[in-house]
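Asks: Just dropping this structure here.
The values are calculated or read from the model by the stated rules, or taken from the named source; none is laboratory data. Note that the structure is a prediction, hence the values are computed from the model and not measured. We place every Cβ from the backbone using ideal geometry, glycine too, and count neighbours over all the protein chains shown.
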Amino acid sequence: MSSNLTLSARISLVKSPFCAPRCGTLPGAGSNRIGSCVAGVPNGSEGTLQIGKFPLRHSETAQRAMTDNPLMGTDLSNDVAAIHAVLERARSGLVERQSLVEVLVLAAVAGEHVLVVGPPGTAKSQAVRGVAGELGGKYFEYLLGRFTEPNEVFGPIDLNKLRSGVVEVETAGMLPDAEVAFLDEVFRGSTAILNTLLGILNERLFRRGSTIKACPLRLCVGATNSLPDDVSLAAFADRFLLRVFVEPVPDANLEDLLAVGWSGPRHGSKPVGIEVIDRLHAASLACDMEAVRPLIGAAVRQMRSAGITLTDRRIVRSQSLVAAAATLEGRSAATSADLWTLPLVVPTLDAQVLARSVLADVMQPSHSDLLPFAAEEYSAGALARARRLTDSGRKLLEGAGEPIDHDTRLRMEATLREIDAGFAPSDLTDELAAVRGSLVSAVTASTSA
């Protein structure tokens, strides 16, 4: 650690993630401020230096997380349970965006960034704010445009030091100080902004003038209406490992959209704390990947044969998603069940659709109990769909009162139709068959009552 500190006297210490709020409240607690960096966790930790993805030491808790080896007995069950609660709350106020919420959490644990592509008004920013508010930590959001100045994103120049001929940036409350960031219309930024962002995204280092600052960034989400055609933006776009493509809510779910939109977002939940992400990230770095490396290699070869192009960077870093998926399932070794994450690194929508088809056999065993919507969408696998329907059916049965009300009965019937449309009776798993039988009994009893 001491040798790293001597690399440059100009590298500044990161202010603690556990500092008092500077400007506003957490997203999800009523804040829609644009260009604000928000802290949602208490005082008390010391500064740090970051070399690499995350801070080497940003608090005593995170320091222990980075040194503990999950293969040596570290129990992360409480952290996984906390993430489950985060997902439940963040998904509850959204329609057809459940998989996006799950992908954002996966990316945070993996230490990677997400590019969300879709038309305006499709709840991209709402999903990010919901996840950020549930995780806690400092949050920065900004809408980039052609005339956005670097100081609007990274902070103003210190005028007092400028008079002495020193260009130093005041980064407090700005992107270099954030732990979770959302940049809307990310490709509209100027060359100066995008070049500076490259260092923040890839190295977690902010460089401008004499300022070189380690950034505590865990997750950056960029949003755009469409992918850029400009080849000069390719290197920048490649820093967003995960690609999520969203479309307007389909006709079949418009009533749900209207109901959720009218009731408004839920407020008041206590953030779990960004240190939960740090501990899970540390565990993912220690995940045993030996069993799945041959499978990943075979999957890449299949995609290449189908004409899907992936950069070497994306191929290597796809392992971080597989490891994060395994960690969130409470395992210290990745298996074929975690390969549903691979299509997420494919850069275009058409190529993702093709990848899911090409990798159908490889991803057939894929599933996730914690991230069921994302696992089903990206694997297109029957096992992932069966697990998601099993979980949905059990929740309906557990929440049903006596007698079963009309709305619950309709939801049970819809779940039964989805089960019967997706599976032949001989293809049902034992768990799904049992849930189906219970749903049939409940609906029959409700109808005859």
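Asks: What are the residues in the range 176-233 that are within 21 Å of E247 (Cα to Cα) and hydroxyl-bearing (S, T, Y), if any?
Replies: T224, S226 - these are the residues of the range 176-233 that are within 21 Å of E247 (Cα to Cα) and hydroxyl-bearing (S, T, Y).
Asks: In the range 74-190, which helices (runs of 4 or more DSSP H) lie fully inside it and hold 1 or more residues that are out of contact with any helix residue (DSSP H, G or I) (no Cβ under 6 Å at 6 or more places or on another chain) and of a type in the set (S, T, Y)?
Replies: Those helices (runs of 4 or more DSSP H) span 77-92, 124-135.
Residue-by-condition table, conditions (1) buried (at least 20 other Cβ atoms within 10 Å of the Cβ); (2) within 23 Å of V345 (Cα to Cα); (3) in contact (Cβ under 8 Å) with a residue 60 or more places away in the chain; (4) touching a strand residue (DSSP E or B) at 6+ places or on another chain (Cβ under 8 Å):
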site: R97; (1), (2), (3), (4): yes, yes, yes, no
site: E102; (1), (2), (3), (4): yes, yes, yes, no
site: A107; (1), (2), (3), (4): yes, yes, yes, yes
site: K124; (1), (2), (3), (4): yes, yes, yes, yes
site: Y142; (1), (2), (3), (4): yes, no, yes, yes
site: R146; (1), (2), (3), (4): no, no, no, no
site: D158; (1), (2), (3), (4): no, no, no, yes
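Asks: Hey, could you check the range 342-380 for residues that are outside any helix (DSSP H, G or I) and over 21 Å from the mean Cα position of the chain (by Cα) and say which is surrounded by the fewest Cβ atoms within 10 Å (Cβ to Cβ)?
Replies: For the range 342-380, the residue satisfying everything is D361.
Asks: Consider the range 286-313. How many of its residues are in contact with a helix residue (DSSP H, G or I) (Cβ under 7 Å, 6 or more places away or on another chain), hydrophobic (A, V, I, L, M, F, W, C) and either touching a residue at least 60 places away in the same chain (Cβ under 8 Å) or part of a loop (DSSP other than H, G, I, E, B) (or both)?
Replies: Residues in the range 286-313 being in contact with a helix residue (DSSP H, G or I) (Cβ under 7 Å, 6 or more places away or on another chain), hydrophobic (A, V, I, L, M, F, W, C) and either touching a residue at least 60 places away in the same chain (Cβ under 8 Å) or part of a loop (DSSP other than H, G, I, E, B) (or both): 9 in total.
Asks: Quick one: V128 ticks every box in (1) of a type in the set (A, V, I, L, M, F, W, C); (2) touching a Phe, Trp or Tyr at 6+ places or on another chain (Cβ under 9 Å); (3) over 15 Å from V221 (Cα atoms) except a single one, so which number is it?
Replies: It fails just one condition, (3).
Asks: Could you tell me whether any residue of the range 191-202 is assigned to a loop (DSSP other than H, G, I, E, B) and assigned by TED's automatic domain parsing to the domain that holds L144?
Replies: no
Asks: Moving on. Can you confirm whether P265 is assigned to a loop (DSSP other than H, G, I, E, B) and at pLDDT 85 or above?
Replies: So P265 fails the test.
Asks: I need the full set of residues from the range 124-143 which are among the β-branched types (V, I, T) and over 15 Å from A85 (Cα atoms), in order please.
Replies: Answer for the range 124-143, where residues must be among the β-branched types (V, I, T) and over 15 Å from A85 (Cα atoms): just V128.
Asks: Identify, from the list R387, R409, R394, the residue that is among the basic types (K, R), surrounded by 15 or more Cβ atoms within 10 Å (Cβ to Cβ) and at pLDDT below 85.
Replies: Being among the basic types (K, R), surrounded by 15 or more Cβ atoms within 10 Å (Cβ to Cβ) and at pLDDT below 85 holds for just one of R387, R409, R394, which is R387.
Asks: Can I ask one more? Any chance the range 320-341 includes a residue that's in a helix (DSSP H, G or I), in contact with a Ser or Thr (Cβ under 6 Å, 6 or more places away or on another chain), closer than 23 Å to V101 by Cβ and hydroxyl-bearing (S, T, Y)?
Replies: Yes: one or more hits.
Asks: Enumerate the pairs (first residue in the range 245-257 and assigned by TED's automatic domain parsing to the domain that holds P119; second residue anywhere and part of a loop (DSSP other than H, G, I, E, B) and loosely packed, with under 12 Cβ neighbours inside 10 Å) with beta-carbon separation below 7 Å, excluding pairs fewer than 6 apart on the same chain, so at least 6 apart or on different chains.
Replies: Going by the 7 Å Cβ cut-off, the qualifying pairs are P248/P119.
Asks: Within the range 198-237, which residues are hydroxyl-bearing (S, T, Y) and either crowded, with 22+ Cβ neighbours inside 10 Å or touching an Asp or Glu at 6+ places or on another chain (Cβ under 9 Å) (or both)?
Replies: The answer is S210, T211, T224.
Asks: So which of R207, R239 ends up being out of contact with any Pro (no Cβ under 6 Å at 6 or more places or on another chain) and either in a loop (DSSP other than H, G, I, E, B) or not assigned by TED's automatic domain parsing to the domain that holds E141 (or both)?
Replies: Going through R207, R239 in turn, the sole match is R239.
Asks: Which residues, counting only those in the range 413-449, are crowded, with 18+ Cβ neighbours inside 10 Å and farther than 25 Å from G401 by Cβ?
Replies: F423, L428
Asks: Sticking with this structure for a sec: Kindly establish whether V316 is free of Cβ contacts under 8 Å to residues at least 24 places away in the same chain and not charged (D, E, K, R).
Replies: yes
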